[in-house]
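Presented below is the structure to which this report refers.
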Amino acid sequence: VKQDDTVPNNKIAHSYANYIVTASVGYFMGRPIGYSFPDEYGPVFDDVYKYNDESAVNMRIATDCSIFGQAVEMLFMDEQSQVRFAPVDITEIIVIRNPDVIGDIHTIIRHWDEEDLIEDRIITYVEVYYADRVERYEYEGTSMYSEPIEIEEHPFKDVPFVIYDNNDSKMGDFEPVIDLINAYDQAQSDTANDFEAFTDCYLEVKGATLDAKEAAKLKELRVFNFPDAGGGVSFVTKNINDQATEHYKNRLDSDIHKFSFVPNMSDDKFASNASGVAMQYKLAGLNYKTSVKESLFKKGLLRRIELISNILNIMSDNEINIIKDVDIRFMHNTIDNVLETAELVNRIKGLISEETALELLQSIVDPEREKLRVKTEKEANMAQFQQQNEEPDEDVNNRLTEQ
C-alpha cells in the first residue's frame with residue numbers, strides 16, 4: 001500500500017529494551033562480585049583480577065548476556081606474559097561442543113573481517129582454537145587457503161574461552177516482550193498522528209464557495225463575512241477516545257514490565273513508604289530472574305578460574321586445584337534498608353553464628369576477613385589499654401626520686 005504523503009506518519013520508538021537491559025544488569029552486577037580464595041592463592045588472583053579490571057569485564061559480559069542471551073570471553077597471554085581475559089563479539093564466534101550429555105567445548109572458531117583501505121579489499125581472518133593450539137587462516141572473497149598460515153601452541157590446557165548463558169533458553173532480557181514494545185511504539189505513533197491531524201484539520205465553509213485565492217485571503221485576514229444567515233465555518237475533526245487510548249497504552253506498559261520481570265521504578269507507587277519486606281515483594285520477579293543469571297554466571301566464573309589456574313600451575317610448578325575451595329558471592333545492587341537489617345541481626349544475635357550474621361549485611365563481601373579485622377582491632381585496643389595502665393605516672397616517679 002502506497003503511503004499518503006499528505007497525512008501524518010510519525011514513527012516513535014521507545015527505549016524499553018535499553019531500560020530493561022540497564023535495570024537488569026545494574027541490579028545483577030552493579031556491585032562487584034565477592035571472592036573468597038584460599039589464603040595462599042588469594043593475593044595471586046587479586047593481582048590477576050586487578051590487572052584485567054575484572055569488575056568492568058564482568059559488567060560487559062553481563063550486558064552482552066542481557067542483550068544477546070549469551071556472552072563469550074577469551075583468555076590469552078599478553079606481551080608481558082600476563083594472563084588476560086576479555087569479552088569478544090558473540091557474532092564472531094562458532095562453538096563446537098562434544099556430542100555427549102555434558103557438552104563441553106571441543107573447538108572454538110573465531111572469524112572477523114578487516115578492510116584494507118589502501119588496496120581496497122576485505123580480508124577475513126579465522127582462528128580455530130583447540131585444547132593445545134590455535135590455527136590461523138585468512139582468505140579474501142570466496143577463496144580460502146587450505147593450509148593455516150600459522151599454528152601456535154597455547155598453555156591453557158583447554159580451549160581458552162568461556163561461554164556465559166543468560167538463561168537456559170539463551171534469550172536476551174527484552175526478547176520476550178519485543179512484540180509488546182512494537183505495539184506500544186505503534187500506539188504512541190498513532191496518538192501523535194491524531195494530534196498532528198487535529199492541528200492540521202480541514203476547515204468547513206457553509207453558505208459560500210471559495211476558490212484557492214479567496215481561501216488564502218480569508219486565512220490571511222482571519223475575517224469571514226456571509227450574507228446568508230445559514231452560512232458559517234467550522235473545523236472537521238476526528239473524535240478521539242482519549243480514555244480508551246490511554247488505557248490501552250497503560251496496559252501495554254504494564255505487560256512489558258510484567259513479562260520482562262523488570263518493575264517500573266519510576267512509578268510513584270513503587271517505593272513510596274515501602275518497608276524492606278514490601279520492596280522485596282515488588283522486586284520478587286527481578287530476584288527470580290537474577291537467581292537464574294547468578295547460577296549460570298557462576299559456572300562461567302569457575303571455568304575462568306580453572307583456566308587461570310592452569311597457567312599458574314605452569315608458572316609455579318605446583319598443582320593448583322582450588323575450584324572446590326572458592327566461594328563466589330553475588331550482591332544485588334538494591335537500596336538496602338540498613339536500619340531494618342541491623343535490627344534483625346541484633347535481635348537474632350546468639351541464635352545464629354557470627355559468620356551468618358555478617359552474611360546478612362550485604363555490604364560485607366568476605367565475612368571471614370571481617371571477623372579477622374574485628375579480632376585485630378580488639379587485640380590492638382587491648383594492647384594499647386594495657387600499655388597505658390602499665391606506664392607509671394611521671395609525677396609519682398618524680399616525687400619518689402626527690403625523697
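As an exercise, use a Förster radius of 60 Å and the Cβ-Cβ distance of GLU92 and ALA208 to find the FRET efficiency, rounded to the nearest 0.05.
Between GLU92 and ALA208 the formula returns 0.30.
On the full set of protein chains, 1.4 Å probe, figure out the accessible area of MET279 and give it in Å² to the nearest 10.
40 Å²
Give the span of the stretch 1-159's Cα atoms along each principal axis, as three whole-Å numbers ordered largest to smallest.
73, 48, 41
For THR91, THR191, THR245, give me the order by solvent-accessible area with a 1.4 Å probe, most accessible first, ignoring ligands, DNA and RNA.
Most to least solvent-accessible, the answer reads THR91, THR245, THR191.
May I ask which residue of SER36, ALA23, MET77 lies farthest towards the positive end of the charge dipole of the stretch 1-93, with charges of +1 (Lys, Arg) and -1 (Asp, Glu) on Cβ and the Cα centre as origin?
Positive-most Cα among the choices belongs to ALA23.
How large are Rg and Dmax for the stretch 283-323 when calculated on the C-alpha trace, in angstrom?
15.3, 48
Subtracting the Cα-Cα distance from 0.36 nm times the residue separation, let me have the gained length for ALA131 to GLN384 in nm, one decimal.
Here the segment from ALA131 to GLN384 would lengthen by 85.3 nm.
So for GLU92, GLU379, what's the accessible-area order with a 1.4 Å probe, most first?
GLU379, GLU92
Beyond a 25 Å Cα-Cα separation, which of these cross-linked pairs lie in this structure: LYS293/LYS349; LYS258/LYS293; LYS282/LYS349; LYS50/LYS349?
LYS293/LYS349; LYS282/LYS349; LYS50/LYS349
The values are calculated or read from the model by the stated rules, or taken from the named source; none is laboratory data. Computed from a predicted model, the values in this text were never measured in an experiment. For neighbour counting, all protein chains shown are included, and Cβ atoms are generated from backbone atoms with ideal geometry for every residue, glycine included. Ligands, DNA and RNA are stripped out before the accessible areas are found, and what is left, the full protein with its side chains, is counted by its heavy atoms. Shrake-Rupley method; radii C 1.70, N 1.55, O 1.52, S 1.80 Å.
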